[in-house]
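Each remark here refers to the structure printed beneath this line.
The values are calculated or read from the model by the stated rules, or taken from the named source; none is laboratory data. Quick caveat: nothing in here was measured; it's all calculated off a predicted structure. Note that we place each Cβ from the backbone using ideal geometry, even for glycine, and neighbour counts take in every protein chain shown.
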Ligand code: SF4
């Protein structure tokens, strides 16, 4: 079965704990460390652009997608709308 870009995702099989905010409170240092771990995985991912496009077009509000967190994706979406 062809599972598209997800089939080549570098994060496939890794724990989601790096990519999503935990249910318990997270201080900034913990968040930075967690997001840094996720970004390192994303940095070596061959489908990063497809992943980011998916997150932007489907309105993913949570987690790291394409190496960007929620706030960074909102900013990118705003910049793209402004330059369209
Ligand atoms: S860019 Fe990051 S979140 Fe997206 S598929 Fe690749 S490793 Fe996973």
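General observations
- The stretch 66-75 - residue that is within 14 Å of the ligand (Cβ to nearest atom) and free of Cβ contacts under 8 Å to residues at least 24 places away in the same chain and, of those, nearest to residue 13 (Cα to Cα): 68
- Scanning the stretch 17-53 for residues that are in contact with a strand residue (DSSP E or B) (Cβ under 6 Å, 6 or more places away or on another chain) and more than 8 Å from the ligand (Cβ to nearest atom) turns up nothing.
- Residues (more than 22 Å from residue 3 (Cα to Cα) and part of a helix (DSSP H, G or I)) located in the stretch 39-78: 39, 40, 70, 71, 72, 73, 74, 75, 76, 77, 78
- Odd one out for residue 14 among (1) assigned to a helix (DSSP H, G or I); (2) near the ligand (Cβ under 10 Å from one of its atoms); (3) at pLDDT below 95: (1)
- Of all positions in the stretch 54-67, at least one carries a residue that is in contact with a strand residue (DSSP E or B) (Cβ under 6 Å, 6 or more places away or on another chain) and at pLDDT 95 or above.
- So residue 9, is it at pLDDT 95 or above and within 8 Å of the ligand (Cβ to nearest atom): yes
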